[in-house]
Amino acid sequence: MSEQASSRPQNRAAPAASSKTTRTAPAQPPASATGPEPSVDRYLATVRQFKLRRLYGLLVLSGMLLVPLIVIYAKGWWRLTGTGSVGSGWVFVGIGVVIAAVGAVAVDLVYRKEL
Amino acid sequence: MTATTPAAPGPSLPERSRAADGKKTRVGMVYAMLAGPALGLALGLLSVLVTKPPFNLEQPTGAFAIVALLQVPFGVLGIAVFALVSGTWRDAYRLFGHPVSWWTLFVAVGGFVGDLCYAVAAALIGGALAGPIGGLFGVVGAIISGILYREKILRWSTLIGLAGLGIGIWVVLSGGKVVSPTHGIYEFVGILVIVGAVLTWGFENFAIAAGTDLMPAEGFLWWRAFLELIIANALMFALFPVARTMAGRVWSDPKLITFGAVIGFGWAIWMIMGYYIGIAYAGAVRGGVLAGTFGFFFIAFFSITVYGVPFSSAVIIGSVVMFVGAALIVSEPKGYLARKRA
């Protein structure tokens, strides 16, 4: 369940009110004198849970990327791509790729921690 | 009698919503940039392999085969695993049979043509040259979205940014003598083909922004990749008999299957994080320009540093100039913002 879908669980792919580029404020439940409505809290809790699930999904996918890179390095198959190829570089680049992608989700978790 | 001091009122819900929207845009730009290296790892390897056996038996069939047999199947597998673990498979399932799913077919056709054009161009001019040019799709998508969404992107910083991109591409092209495997008319045709990819991907960039207004990004993406898998394989096996020989060799060679896993899973990471979430959060202009410029720069960078393509400083310098141009396009000067808010 995505952040976008969870905001309108009753709809099946319902059209949104605004475009991504015009960036108008989305419709929100009315504020009350006692604080946010319970539905807002539910929405925020769902978004928080979804971001963690996104992180788990990315970690599994990153593992799936690193395994073949390690196999290629261990078996020396990297030589197939050319004489100037750097075998250990494949694994290091793979680790760097994973750190960068997971870092983006980590930035999201920290920077938007109120969500 | 003691007077009670009222608690300081916090920001109203609309204010909080606007602040959250701004943060979401900035985070989308971070996603678009940090997923870039994954695309470089994947398509850099594809660009090198497309000129090796069995893909060099016949071109452009070999380029078609590497997309249909390695990149997309492993990409669909990676996206499916991500969807299962993250729970977004429910979104993909809910789209099935809904009228809006026709939009995913439209995007899949555009994405497939772009991917195929990239592989053909990589066989002709190499990934180190095709990468930076291919990254211009973000600008095409920004222009299309700017026109269709009536977003005012025409300001002095955009014009300087576009000039920077032009100069950057000119410098990158001067490195073609070193990094391109072909020269003369073949190199020229390769550049035309990658321009075709830029236009098709540019339209996909806009279509993602429009589609994620209607559908959750990850569920939308799975259908786009899955339909590309069906279309690519059906067309390839129907139209190119040599592809059957190539398919037999690819699927019986553990080396090529392992390389395919790197290409497909790396592509999947970029598609999820950089392309779809980046554009869904930051919009076609900011998300698209950053995903394109960063992701495709890394194809060139990894090609000449890790995958053994001869080093060309022109490619690096040109790409840096392109970064500066892209930064000017996606940033909004303080004076412009103040006028806009007023």
Inset, instruction - State whether the residues of the stretch B:135-156 include one that is over 21 Å from B:A282 (Cα atoms), in contact with a Gly (Cβ under 7 Å, 6 or more places away or on another chain) and in a helix (DSSP H, G or I). - result: no
Inset, instruction - Test each condition in (1) at pLDDT below 70; (2) facing another protein chain (nearest Cβ under 7 Å); (3) surrounded by 13 or more Cβ atoms within 10 Å (Cβ to Cβ) for A:P36 and report the one that comes out false. - result: (2)
Legend entry - Odd one out for B:T212 among (1) hydroxyl-bearing (S, T, Y); (2) buried (at least 20 other Cβ atoms within 10 Å of the Cβ); (3) modelled with pLDDT of 90 or more: (3)
Legend entry - Criterion: at pLDDT below 95, under 19 Å from B:A108 (Cβ atoms) and more than 10 Å from chain A (Cβ to nearest Cβ) - qualifying residue of B:A284, B:A238: B:A238
Inset, instruction - Scan the stretch A:88-115 residue by residue and report those that are more than 7 Å from chain B (Cβ to nearest Cβ), under 30 Å from A:A45 (Cα atoms) and part of a helix (DSSP H, G or I). - result: A:V98, A:I99, A:V102, A:V105, A:A106, A:L109, A:V110
Legend entry - Selected residue (criterion: farthest from the other protein chains (Cβ to nearest Cβ)) from residues of the stretch B:241-256 that are without any contact (Cβ under 8 Å) to a residue 12 or more places away in the chain and assigned to a helix (DSSP H, G or I): B:R244
Inset, instruction - Could you pull out the residue among B:F311, B:F265 that is within 9 Å of chain A (Cβ to nearest Cβ), part of a helix (DSSP H, G or I) and farther than 17 Å from B:L165 by Cα? - result: B:F265
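Could you list, in sequence order, all residues of the stretch B:215-230 that are surrounded by fewer than 19 Cβ atoms within 10 Å (Cβ to Cβ) and either among the acidic types (D, E) or in contact (Cβ under 8 Å) with a residue 40 or more places away in the chain (or both)?
Quick first cut of the stretch B:215-230, residues surrounded by fewer than 19 Cβ atoms within 10 Å (Cβ to Cβ) only: B:226, B:230.
Passing the criteria: only B:F226.
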Legend entry - Tally, over the stretch B:213-268, of residues that are farther than 21 Å from B:L49 by Cα and of a type in the set (V, I, T): 2
Inset, instruction - Among the candidates B:L95, B:L13, B:L41, B:L57, single out the residue that is at pLDDT 90 or above and of a type in the set (A, V, I, L, M). - result: B:L41
Legend entry - the stretch B:153-170 residues that are buried (at least 19 other Cβ atoms within 10 Å of the Cβ), paired with ones that are at pLDDT 80 or above and of a type in the set (S, T, Y) (beta carbon under 8 Å, 6 or more apart): B:G168/B:S319
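State all residues of the stretch B:295-308 that are aliphatic (A, V, I, L, M) and not in a helix (DSSP H, G or I); if no residue qualifies, say none. Even if it seems obvious, please write down each step before you answer.
Within the stretch B:295-308, the subset aliphatic (A, V, I, L, M) is B:299-300, B:304, B:306.
Across the stretch B:295-308, the qualifying residue is only B:V306.
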Inset, instruction - Return the pairs, sorted by first residue and then second, in which the second residue is hydroxyl-bearing (S, T, Y), the first residue lies in the stretch B:191-211 and is farther than 10 Å from B:I279 by Cβ, the beta carbons are less than 7 Å apart, and the residues are 6+ apart or on different chains. - result: B:I194/B:Y118; B:A197/B:Y118
Legend entry - Test for B:D213: is it under 30 Å from A:T81 (Cβ atoms), within 14 Å of chain A (Cβ to nearest Cβ) and of a type in the set (D, E, K, R): no
Inset, instruction - Give just the number: which of (1) over 18 Å from B:I208 (Cβ atoms); (2) crowded, with 24+ Cβ neighbours inside 10 Å does B:R90 not satisfy? - result: (2)
Legend entry - Residue that is surrounded by the most Cβ atoms within 10 Å (Cβ to Cβ), among those in the stretch A:87-107 that are more than 12 Å from the chain's Cα centre (by Cα) and within 15 Å of B:M33 (Cβ to Cβ): A:V97
Legend entry - Any hit, the stretch B:188-206, residues being within 22 Å of the chain's Cα centre (by Cα), at pLDDT below 90 and within 14 Å of chain A (Cβ to nearest Cβ): yes
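For the stretch B:57-103, which positions are of a type in the set (A, V, I, L, M), within 25 Å of B:Y118 (Cα to Cα) and out of contact with any Phe, Trp or Tyr (no Cβ under 9 Å at 6 or more places or on another chain)?
Start the filter on the stretch B:57-103 by keeping residues that are of a type in the set (A, V, I, L, M), which leaves B:57, B:63, B:65-70, B:72, B:76-77, B:79-81, B:83-85, B:92, B:95, B:100.
Subsequent filtering for residues that are within 25 Å of B:Y118 (Cα to Cα) retains B:57, B:63, B:65-70, B:72, B:76-77, B:79-80.
Answer for the stretch B:57-103, where residues must be of a type in the set (A, V, I, L, M), within 25 Å of B:Y118 (Cα to Cα) and out of contact with any Phe, Trp or Tyr (no Cβ under 9 Å at 6 or more places or on another chain): just B:L57.
The values are calculated or read from the model by the stated rules, or taken from the named source; none is laboratory data. Computed from a predicted model, the values in this text were never measured in an experiment. Don't worry about glycine lacking a Cβ; one is built from the backbone with ideal geometry, like all the others, and counts go over all protein chains shown.
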